[in-house]
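A.B. asks: I'd like to ask you about the structure that follows.
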Amino acid sequence: MSEEKLMVIDGNSLLHRAFYALPLLSTKDGIYTNGVYGFLTMLHKIQEDYDIDYICVAFDKKGPTFRHEAFEQYKANRDSTPNELALQFSILKEILNAMNIRQIELEGYEADDIAGTLSRIGEENGMEVILVTGDKDYLQLLSSDNIKVLITKKGITELEEYSRDKIIEEYGITPEQFIDLKGLMGDKSDNIPGIPGIGEKTGIKLLKQFGSIENIYDNIDEVGGKKTKEALIEHKNIAFLSKKLGEIIKNVPIQISMEELKIKEPDWNKLVELYKKFEFNSLLSKIPDSKLKIQEESSHKVKYKLIKDNKFRDIIDELDSNEEFGFKFVFEHENYMKSSMLGIGIKIADNSPYYIDFSENNIDVFITTFKKYFESKDIKKYGHMMKVDIIGLLRMDIHIKGIEFDTMIGEYILDPAQSNYSVNQLAMKYLNSSCKEEEQLLGKGKHKKTYGDLSVETRAKYVSTILDLVYRVKKPIREKIKELKMDCLYYEVELPLVEVLADMEYNGFKVDLEVLKQLGDEFESQINNLTNEIYELAGQEFNINSPKQLGEVLFDKLKLPVIKRTKTGYSTDAEVLDKLRGQHEIIEKILKYRQLVKLKTTYIDGLINLVDEKTHKIHSSFNQTVTNTGRISSTEPNLQNIPIKTEEGRKIRKAFVPKSKDYVLVDGDYSQIELRVLAHLSKDPKLMEAFFRDEDIHTKTASEIFGIPKDEVTPAMRNKAKAVNFGIIYGISDYGLSRDLNIPRKEAKEYIDNYLENYKMVKKYMEDIIEIGRKKGYVETILNRRRYVPELKSKNFNVRSFGERIAMNTPIQGSAADIIKVAMVKIYKELKDRNLRSKLILQVHDELIIETHKNELEEVKQLMKNIMENAIKLDVPLKVEIKVGDNWYETQ
DNA sequence: TCGGTCACG
DNA sequence: ACGTACGTGACCGAT
């Protein structure tokens, strides 16, 4: 039988590490929790990796220790614990208590002394001891093979395991000698002085030669190096003092039996309650199902009625006598555009949900029976992630009306920063209830199941539970939306937009495969040529796609100067290569190679993969709950980043065509929407005037920052001004601008100062919005879309600066998103009301594309321009440019 | 799974 | 002293 394992965690050290490793997260009530969250994540990871029998967390106790008595200046240079962290200690302790994990702290001692003592006791009891910390001082405790020290590496879940052998091998000295090493070199962070001029290298050398500090002084004459010797002699007392301070003691008077440290069952109810309170949703979902009392309740409680044949009598009766229902389809797998539809859950009013199974080939009967209910605007429908279900209906040629609530969209506008908007998350947050995540239901990786693999009963039960929870979670979300004055944003913009996006996705964008393939062949032959030339110039073959191998070739073999490094090695990005241009022929080739490979792999091969074989259409997925600012995102493929900036890339747009020769593409593009929004928000007179006069904004800015008339602005000056305008939108910094323009920071600062001097109200706006963000905890867009910015309160300069840029940028980017979303909803409605065949098929942040029937061209052009420019009335005019083409290349 | 890189607004 | 432009997604190699 293997030895029993005792784990001792340095609570102070690990909480500090977690706090600084993670962004400053806080709950809705403004309680900071990032440190605790990180700590618990680490704890889970370690418990998964190591099979622990005994556990204990050691904390420092406030007040002086014996080290302070020996040396007044001990840790005197420490900054006081930031407030955001200080409060997290009690939260952590509360949670550890709920986990039934014993904590020890003792007056006059630090956590590492407790850990040292426990490691001795554990070892004496024949246990294997694992010490967890962020502090390298612990290495001195590796007194035998039975002890291991885990030290945090970068991030929060990476730990490096140290053993006695590893230390000796790596440093050439024993763990015990680390105490002597500390005596020699001191420790800045603890304010332990050490001997001036002796660092790690010299220290280790000395200890290898003499073994200990005592021995060094016994044989001081043998010390080589005059300076070292003199320093040793002069600071002899410091060496011994520092050694004493640096030694972790192993005989702290703790009265505790091992039995008390034995791992115990957590108090699950208490733990669940705390996880909810502090919004640790991901930790909550790790708690085993059987421990979630409430969950059993909810999933067992939900009764459902399974309909396998065409006996729709009961459900029709219910539908006829009610005004609202929720529904959700079950698809075979996640591709809801293509995979077969297995069934549908329908919940009418407060009644038990129905699950209609489609397997008896009753889809047609279902459609004819239920179409009118889905298409009646008087019967309200709700759901979660309804885009998918709307598409499901479209596949049945059912065009939904009367969408009343989508819980996923609701939660998104309440807090767009979340990464997961599952029904389970909502249920935990609002109902103290939960259900399985889809991943728990289907598994993941190789063994992932499809819904088709589940029994009909399982599918019925799952969908019914979901619908039941969605029904119940609707109310609190609706109330919160009202409370935060987001009714307009929700009911008039985001909710109607769900249908618009579903429609766009369902319509898809026709692709001319021949154009793509032709272009792909051209790219491929160019890539082949370049590959050979690069090998030739490098004098060897290597994987040009590997930044590592490329770095070795450029900087080791060809000895080109290193411009920038990444965490893992040399940086070889376009910026670096650009600076190396002219130093070696190979550089140009690599840049070209990179560009072409990108085009080929992502935009030719990647796109071809996603083209529907029958219809030759691409159905990109438009996601409404991804971005922090309110923009929508596009995936599989991302149609929002199709190349345009280089001519070669731009050619790819020739492959995007209307669905038939009767149609053309009409492209409406907002001109300078973000700067116009800024003008509106700041009310800066100069900026507003520029837009009223429809001036070229970059030229105008150039004339202001360079203090010259507009007709004297050179193209180079205009370019600089353009970069300044971007900078203003992003939350300006001289560093960012200097890097972008490749100019000295000082020069960049001048431009910015000039800008803000000229556009005084912009300056004021930026200052005000940061202050508002700090006071309220969030910033808002024109339509009251909210983004919380806890970073603004950070003590950390970088984090706080980031928060300031978010506060400046989000209202601008987010309001622009509001505007185009309103335009989309209105255009969709107008096309429908007028019974036009033309369809909205794409949005790229400030651009919309309508696939337009040729007979409707003039009408659509006019309607589009009109709606886009008047979507939301600003204090400056909005301007839209309309272009028409037979493919997307022509419309630019 | 993560980091580097690069495509877009 | 700090070390950054804002918002996304896809692909690749390395781990």
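The values are calculated or read from the model by the stated rules, or taken from the named source; none is laboratory data. Small disclaimer: the values here were computed from a predicted structure and weren't measured. Virtual Cβ from ideal backbone geometry, glycine too; neighbours counted across all protein chains shown. These area figures cover heavy atoms from the full protein model, side chains too; ligands, DNA and RNA do not enter into them. Shrake-Rupley method; radii C 1.70, N 1.55, O 1.52, S 1.80 Å.
A.B. asks: Whether any residue in the range A:519-535 is on the phi > 0 side of the Ramachandran plot and more than 13 Å from DNA strand C (Cβ to nearest atom) is what I want to check.
C.D. replies: Looking for residues that are on the phi > 0 side of the Ramachandran plot and more than 13 Å from DNA strand C (Cβ to nearest atom), one finds none in the range A:519-535, hence no.
A.B. asks: In this structure, is residue A:764 free of Cβ contacts under 8 Å to residues at least 24 places away in the same chain, open to solvent by 40 Å² or more (accessible area, probe 1.4 Å) and more than 10 Å from DNA strand C (Cβ to nearest atom)?
C.D. replies: Considered against the rule, which asks whether it is free of Cβ contacts under 8 Å to residues at least 24 places away in the same chain, open to solvent by 40 Å² or more (accessible area, probe 1.4 Å) and more than 10 Å from DNA strand C (Cβ to nearest atom), residue A:764 comes out as no.
A.B. asks: What strands (runs of 3 or more DSSP E) completely inside the range A:111-202 contain at least 3 residues that are touching a residue at least 60 places away in the same chain (Cβ under 8 Å) and either over 26 Å from residue A:46 (Cβ atoms) or in contact with a Ser or Thr (Cβ under 9 Å, 6 or more places away or on another chain) (or both)?
C.D. replies: Counting at least 3 such residues, we get A:128-133.
A.B. asks: I need every pair where a residue in the range A:638-666 that is closer than 18 Å to residue A:598 by Cβ has its Cβ under 6 Å from the Cβ of a residue that is of a type in the set (Gly, Ala, Ser), sequence separation at least 6 or different chains.
C.D. replies: Short answer, once both residue conditions are applied: A:639/A:620; A:640/A:634; A:643/A:649.
A.B. asks: Sort out which residues of the range A:767-794 are part of a loop (DSSP other than H, G, I, E, B) and either touching a Leu at 6+ places or on another chain (Cβ under 9 Å) or within 20 Å of residue A:821 (Cβ to Cβ) (or both), and write them in order of number.
C.D. replies: Of everything in the range A:767-794, those that are part of a loop (DSSP other than H, G, I, E, B) and either touching a Leu at 6+ places or on another chain (Cβ under 9 Å) or within 20 Å of residue A:821 (Cβ to Cβ) (or both) turn out to be A:777, A:781, A:782, A:783, A:784, A:785, A:794.
A.B. asks: Go over the candidates A:569, A:630 one by one and state the one that is within 9 Å of DNA strand B (Cβ to nearest atom) and either modelled with pLDDT of 95 or more or not hydroxyl-bearing (Ser, Thr, Tyr) (or both).
C.D. replies: On inspection, the qualifying residue turns out to be A:569.
A.B. asks: For the range A:734-746, check the following and say yes or no: at least one residue is of a type in the set (S, T, N, Q), modelled with pLDDT under 95 and open to solvent by less than 70 Å² (accessible area, probe 1.4 Å).
C.D. replies: Yes, some residue in the range A:734-746 is of a type in the set (S, T, N, Q), modelled with pLDDT under 95 and open to solvent by less than 70 Å² (accessible area, probe 1.4 Å).
A.B. asks: Let me ask something else about it. Confirm whether residue A:270 is part of a helix (DSSP H, G or I) and open to solvent by 30 Å² or more (accessible area, probe 1.4 Å).
C.D. replies: So residue A:270 fits the description; yes.
A.B. asks: Would you mind telling me which numbered condition in (1) hydrophobic (A, V, I, L, M, F, W, C); (2) open to solvent by 20 Å² or more (accessible area, probe 1.4 Å); (3) assigned to a loop (DSSP other than H, G, I, E, B) residue A:560 fails?
C.D. replies: With (1) hydrophobic (A, V, I, L, M, F, W, C); (2) open to solvent by 20 Å² or more (accessible area, probe 1.4 Å); (3) assigned to a loop (DSSP other than H, G, I, E, B) applied to residue A:560, the lone miss is (2).
A.B. asks: Taking the stated definitions as given, is residue A:246 buried (at least 16 other Cβ atoms within 10 Å of the Cβ) and touching a helix residue (DSSP H, G or I) at 6+ places or on another chain (Cβ under 6 Å)?
C.D. replies: yes
A.B. asks: Scan the range A:69-83 and tell me whether some residue there is touching a residue at least 24 places away in the same chain (Cβ under 8 Å), surrounded by 21 or more Cβ atoms within 10 Å (Cβ to Cβ) and closer than 17 Å to residue A:14 by Cα.
C.D. replies: Within the range A:69-83, none of the residues are touching a residue at least 24 places away in the same chain (Cβ under 8 Å), surrounded by 21 or more Cβ atoms within 10 Å (Cβ to Cβ) and closer than 17 Å to residue A:14 by Cα.
A.B. asks: Pull up the range A:206-240, narrow it to residues that are free of Cβ contacts under 8 Å to residues at least 40 places away in the same chain and assigned to a loop (DSSP other than H, G, I, E, B), then point me to the one that is nearest to residue A:184 (Cα to Cα).
C.D. replies: A:212
A.B. asks: Would you check which residues across the range A:813-844 are surrounded by fewer than 17 Cβ atoms within 10 Å (Cβ to Cβ) and of a type outside the set (D, E, K, R) and list them?
C.D. replies: A:835
A.B. asks: Take residue A:616 and decide whether it is away from DNA strand B (no atom under 11 Å from the Cβ) and on the phi > 0 side of the Ramachandran plot.
C.D. replies: Answer is yes for this residue.
A.B. asks: I want to confirm something. Restricting to the range A:563-574 and keeping residues that are of a type outside the set (A, V, I, L, M, F, W, C) and more than 10 Å from DNA strand C (Cβ to nearest atom), which single residue is surrounded by the most Cβ atoms within 10 Å (Cβ to Cβ)?
C.D. replies: By that ranking, first place goes to A:572.
A.B. asks: Is there any pair linking a residue in the range A:731-743 that is assigned by TED's automatic domain parsing to the domain that holds residue A:720 to one that is within 15 Å of DNA strand B (Cβ to nearest atom) and open to solvent by less than 40 Å² (accessible area, probe 1.4 Å), with Cβ under 6 Å and at least six apart or on different chains, and which?
C.D. replies: Pairs found: A:731/A:808; A:731/A:809; A:737/A:727; A:740/A:723; A:741/A:723.
A.B. asks: Determine whether residue A:581 is away from DNA strand C (no atom under 13 Å from the Cβ), of a type outside the set (Val, Ile, Thr) and closer than 26 Å to residue A:650 by Cβ.
C.D. replies: Answer is yes for this residue.
A.B. asks: Follow-up question, since we're still on this one. Can you pull out the residues in the range A:795-812 that are in a helix (DSSP H, G or I) and open to solvent by 60 Å² or more (accessible area, probe 1.4 Å)?
C.D. replies: A:797, A:798, A:800, A:802, A:805
A.B. asks: Something else about it: Return the residue satisfying two criteria in turn: it lies in the range A:447-497 and is in contact with a Gly (Cβ under 7 Å, 6 or more places away or on another chain) and aromatic (Phe, Trp, Tyr), and of such residues it is farthest from residue A:309 (Cα to Cα).
C.D. replies: Checked the range A:447-497; the qualifying residue farthest from residue A:309 (Cα to Cα) is A:490.
A.B. asks: Further question on the same structure: Do the conditions hold for residue A:751, that is, is it loosely packed, with under 13 Cβ neighbours inside 10 Å and near DNA strand C (Cβ under 10 Å from one of its atoms)?
C.D. replies: Against the criterion (loosely packed, with under 13 Cβ neighbours inside 10 Å and near DNA strand C (Cβ under 10 Å from one of its atoms)), residue A:751 does not qualify.
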